[in-house]
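Working notes, structure below.
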Ligand SMILES: *Cc1c(COP(=O)(O)O)cnc(C)c1O
């Protein structure tokens, strides 16, 4: 029987028969596992070198809670297996270090997560790994940028600041034709709304801090890989010492149970808020992958199973002081980093160098689970603070 995602979300990562009948896999707070006899000790030490060995040896290799989370995410996304990591950024860094070596070149989407970009620019060059950036919508034309030493093409779809939806199958075709791998930051869509491995991705990472945990109360990451890459990636990230706590893995598993209902509510409300904002004179552009006119919308319709609660808004030109008054007057949209929790957030956002969007202030909204009418009313009262009449737009 092929189970649908909502059924998987309620069943993955649970094994009551192994845990005294408890519905949820418990928190195994463990560094040390005690071996009953010397032959177990000897077998464990031998098996520790086998990445497919699922027994528990030492906390840094994982425990029943972290393994349950890894398996659940990987199955949902259609990858082989997962590797839990202490944050989304750690998942990015760990996965890249696992596949790249000195002398390699990385071809990175220009709209990638800002702190990943800092790693590509500042840390990896110290170890002889060079990154160059490509405009997110290049698609198959990245072929012209591939170098003989290009090991990895790195994508994020949609980009979490400017929301271009990349053509992942096209990037995969070109990468694979040149012997490179395709890695994707799939945080925005989650394993529920983008099946990375069906579309040619070799390594997917998630900032589980966002929708998977879903409650703004833990830092967590996960790497999911193809079968071919799993053993090597696992070896590197565990040798580097990366692991996450069982408590945070539990929060990840707990978050998965409601991921479907939460995301559908985020999706509905974000679309309603985005459409409302599109009608407002203060707004120059709404950057939402599920709305026609947004860069990559056709690709979104072809490849994605749904949209989530995060999107961009470019304001008409207003003085900074009135934009600040707008942000500070909001009662329900709090200013804060991150997203993917139950609560609504708003912040100003940087553009990447090749962004093709209107010139005003770029805002990023995360539409939470509050009543959407209240969220719209909050924005409506806040927009009154954008007082200066914007210059007339050149309408055709
Ligand atoms: C937040 C985020 C990350 C990093 O995750 P952390 O858990 O904060 O380290 C990576 N990619 C995207 C798209 C993000 O939004």
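From 174, 165, 201, grab the single residue that is under 18 Å from residue 306 (Cα atoms), assigned by TED's automatic domain parsing to the domain that holds residue 82 and more than 13 Å from the ligand (Cβ to nearest atom).
After ruling out the rest, the residue left standing is 165.
Conditions (1) in contact with a strand residue (DSSP E or B) (Cβ under 8 Å, 6 or more places away or on another chain); (2) under 27 Å from residue 109 (Cβ atoms); (3) away from the ligand (no atom under 16 Å from the Cβ), marked per residue:
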| residue | (1), (2), (3) |
| --- | --- |
| 284 | yes, yes, yes |
| 319 | no, no, yes |
| 340 | yes, yes, no |
| 350 | yes, yes, no |
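Against the definition (out of contact with any strand residue (DSSP E or B) (no Cβ under 6 Å at 6 or more places or on another chain), surrounded by fewer than 21 Cβ atoms within 10 Å (Cβ to Cβ) and on the phi > 0 side of the Ramachandran plot), how does residue 139 come out, yes or no? Yes: the conditions hold for residue 139. Restricting the first member to the stretch 30-46 and to residues that are without any contact (Cβ under 8 Å) to a residue 40 or more places away in the chain, and the second to residues that are part of a loop (DSSP other than H, G, I, E, B), the beta-carbon pairs closer than 7 Å and six or more apart or on different chains are 33/56; 33/57; 41/35; 44/35; 44/55; 44/57.
Here 59, 88, 82 are screened, and the one residue that is touching a residue at least 60 places away in the same chain (Cβ under 8 Å), more than 28 Å from residue 5 (Cα to Cα) and either within 16 Å of the ligand (Cβ to nearest atom) or surrounded by fewer than 19 Cβ atoms within 10 Å (Cβ to Cβ) (or both) is 59. Would it be correct to say that residue 98 is more than 28 Å from residue 302 (Cα to Cα) and either part of a strand (DSSP E or B) or assigned by TED's automatic domain parsing to the domain that holds residue 286 (or both)? Considered against the rule, which asks whether it is more than 28 Å from residue 302 (Cα to Cα) and either part of a strand (DSSP E or B) or assigned by TED's automatic domain parsing to the domain that holds residue 286 (or both), residue 98 comes out as no. Restricting the stretch 204-228 to residues that are away from the ligand (no atom under 12 Å from the Cβ) and in a loop (DSSP other than H, G, I, E, B) leaves a set whose member that is nearest to the chain's Cα centre (by Cα) is 214. If you go through the stretch 116-132 and keep only what is within 14 Å of the ligand (Cβ to nearest atom), farther than 12 Å from residue 161 by Cβ and surrounded by fewer than 21 Cβ atoms within 10 Å (Cβ to Cβ), you end up with 118, 119.
Examine the stretch 59-82 for a residue that is more than 32 Å from the chain's Cα centre (by Cα), on the phi > 0 side of the Ramachandran plot and modelled with pLDDT of 90 or more, and state whether such a residue exists.
Looking through the stretch 59-82, none of the residues is more than 32 Å from the chain's Cα centre (by Cα), on the phi > 0 side of the Ramachandran plot and modelled with pLDDT of 90 or more.
With the structure loaded, tell me whether residue 180 is in contact with a strand residue (DSSP E or B) (Cβ under 6 Å, 6 or more places away or on another chain) and within 16 Å of the ligand (Cβ to nearest atom) or whether it fails that test. So residue 180 does not fit the description; no. Just so you know, in the stretch 1-20 the residues that are free of Cβ contacts under 8 Å to residues at least 12 places away in the same chain and part of a helix (DSSP H, G or I) include one that is surrounded by the fewest Cβ atoms within 10 Å (Cβ to Cβ), and it is 17. For the residues 289, 317, 281, the requirement of being under 16 Å from the mean Cα position of the chain (by Cα) and outside any strand (DSSP E or B) singles out 289. For the stretch 321-338, taking the residues that are assigned to a loop (DSSP other than H, G, I, E, B) and surrounded by fewer than 16 Cβ atoms within 10 Å (Cβ to Cβ), the one that is nearest to the ligand (Cβ to nearest atom) is identified as 338. Within the stretch 91-102, none of the residues are more than 22 Å from residue 225 (Cβ to Cβ), within 16 Å of the ligand (Cβ to nearest atom) and surrounded by fewer than 22 Cβ atoms within 10 Å (Cβ to Cβ). From the list 375, 379, 386, the lone residue that is touching a residue at least 24 places away in the same chain (Cβ under 8 Å), part of a loop (DSSP other than H, G, I, E, B) and over 18 Å from the mean Cα position of the chain (by Cα) is 386.
Filtering the stretch 191-198 for residues that are without any contact (Cβ under 8 Å) to a residue 60 or more places away in the chain, assigned by TED's automatic domain parsing to the domain that holds residue 146 and either within 9 Å of the chain's Cα centre (by Cα) or farther than 19 Å from residue 98 by Cα (or both) leaves an empty set. Scanning the stretch 217-240 for any residue that is within 20 Å of residue 63 (Cα to Cα), surrounded by fewer than 21 Cβ atoms within 10 Å (Cβ to Cβ) and free of Cβ contacts under 8 Å to residues at least 12 places away in the same chain turns up at least one such residue. Kindly establish whether residue 260 is in a helix (DSSP H, G or I), more than 16 Å from the ligand (Cβ to nearest atom) and either within 24 Å of residue 338 (Cβ to Cβ) or touching a strand residue (DSSP E or B) at 6+ places or on another chain (Cβ under 9 Å) (or both). Yes; evaluated as a whole, the condition is true for this residue.
Scanning the stretch 292-310 for residues being in contact (Cβ under 8 Å) with a residue 12 or more places away in the chain and part of a loop (DSSP other than H, G, I, E, B) gives a total of 9.
The values are calculated or read from the model by the stated rules, or taken from the named source; none is laboratory data. Note that the structure is predicted; figures quoted are calculated from it, not measured. Methodologically, a virtual Cβ is constructed for each residue, glycine included, from the backbone with ideal geometry; neighbour enumeration extends over all protein chains shown.
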